[in-house]
1. Local charge sum around residue 196 (other residues, Cβ-Cβ under 11 Å, Lys/Arg +1, Asp/Glu -1)?
2. What is the sum of charges, Lys and Arg at +1 and Asp and Glu at -1, for the other residues whose Cβ falls under 10 Å from the Cβ of residue 153?
3. Relative contact order for region 1-60 using alpha-carbon pairs under 8 Å, separation at least 6, rounded to a whole percent?
4. Please report 120, 40 as a ranked list, fewest other C-beta atoms within 10 angstrom at the top and most at the bottom.
5. Going down the table (130/192; 130/274; 2/246), which pairs top 30 Å between alpha carbons?
6. Can you pull out the GluC sites (Glu not before Pro) in region 82-149 that DSSP calls coil and that have at most 11 other Cβ atoms within 10 Å?
7. Just how large is the dipole of the chain about the Cα centre, in debye to the nearest 20, putting +1 at every Lys and Arg Cβ and -1 at every Asp and Glu Cβ?
8. For the chain, what is the mean residue ellipticity at 222 nm derived from helices alone (per DSSP H run of n ≥ 4: -39500 (n - 2.57); sum divided by total residues; nearest 500 deg cm²/dmol)?
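Computed from the coordinates by the stated procedures, all read-outs in this text should not be read as laboratory data. Computed from a predicted structure; not experimentally measured. Here the Cβ positions follow ideal geometry from the backbone for every residue, glycine too, while neighbour counts run over all protein chains shown.
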Amino acid sequence: MKLATLRRGDTTVAVRVNDNAATVIDGYIDLSELLANPDWRAVADSANGEAIDLNGADYAPVVPRPGKIICVGLNYANHIKEMGRELPEFPTLFAKFREALTGPYDDVVVPAYAAAALDWEGELAFVIGKTAYQVSESDAEDYIAGYSVMNDYTMRDYQYRTLQWDQGKTFEASSGFGPVLTTTDAYTFGGKLETRLDGELMQTTTTDDLVFTPAKLVEYISHIVTLQVGDVVITGTPGGVGHARKPEVYIQDGQTVEVTIEGLGSVRNKTIVK
């Protein structure tokens with residue numbers, strides 16, 4: 001099953017996506033609200049609200065109001081090696097705030113003062129579907145609602161101002177998220193991830209190159225803090241980022257970043273510097 005949040009005028013609606021059409025899930029303004037219902041799967045599956053043609057639909061961030069967004073750094077083996085580091089024993093965790101989220105096809109407007117070293121990071125994200133605390137890896141999949149795509153714009157100059165990365169990772173409306181949430185029963189982990197800059201392939205790998213899988217991340221994080229329904233975990237980016245290239249390559253004004261994950265769809269954001 002595929003679910004999404006669509007903008008409609010001054011509000012949004014939660015929908016179930018079927019090919020080129022969507023069905024409104026009546027009574028729920030977005031997936032954040034839907035997932036808060038313990039019976040969200042059954043509610044979404046049985047929805048029979050208004051049908052919406054998805055041609056030209058305005059997608060909001062797929063889960064627009066997560067309580068927490070937890071990011072994982074240095075989690076693809078090939079990216080770790082290109083950055084000259086050893087494979088980690090434990091995940092590197094940092095935070096992103098929900099104000100950083102934007103729709104999967106929205107323009108990303110970057111302040112000129114933060115545009116000197118814009119980089120791309122295509123990432124697999126997953127969303128928590130059941131409250132998780134001290135969960136084992138073997139049980140972790142039961143706590144994941146589904147998977148989606150994240151276009152994690154990174155302001156490298158801000159990121160490396162200090163040893164803490166958050167400041168370069170959470171700029172306002174800079175992370176395209178969506179277009180849909182694909183539930184765990186409809187997604188096979190391990191599909192290809194590709195990132196393109198104005199159509200040129202920059203990153204490509206399969207998600208099974210992750211050092212810490214989604215199940216391992218649920219186990220690790222839930223032994224630190226309770227993962228609440230609707231929380232988002234962004235699992236890291238593969239090799240091929242612009243900052244690691246010689247010479248470095250950064251996103252310029254007017255360029256479009258597209259992230260595609262096999263089985264989940266694509267996020268595509270045009271960069272506007274002003």
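1. Numbers: positive: 268; negative: 194, 198, 200, 258.
Result for the neighbourhood of residue 196: -3.
2. Value of the local net charge: -2.
3. 38
4. 40, 120
5. The answer is 130/274; 2/246.
6. 86, 89
7. My answer is approximately 520 debye.
8. Dividing the helical sum by the residues of the chain leaves -2500 deg cm²/dmol.
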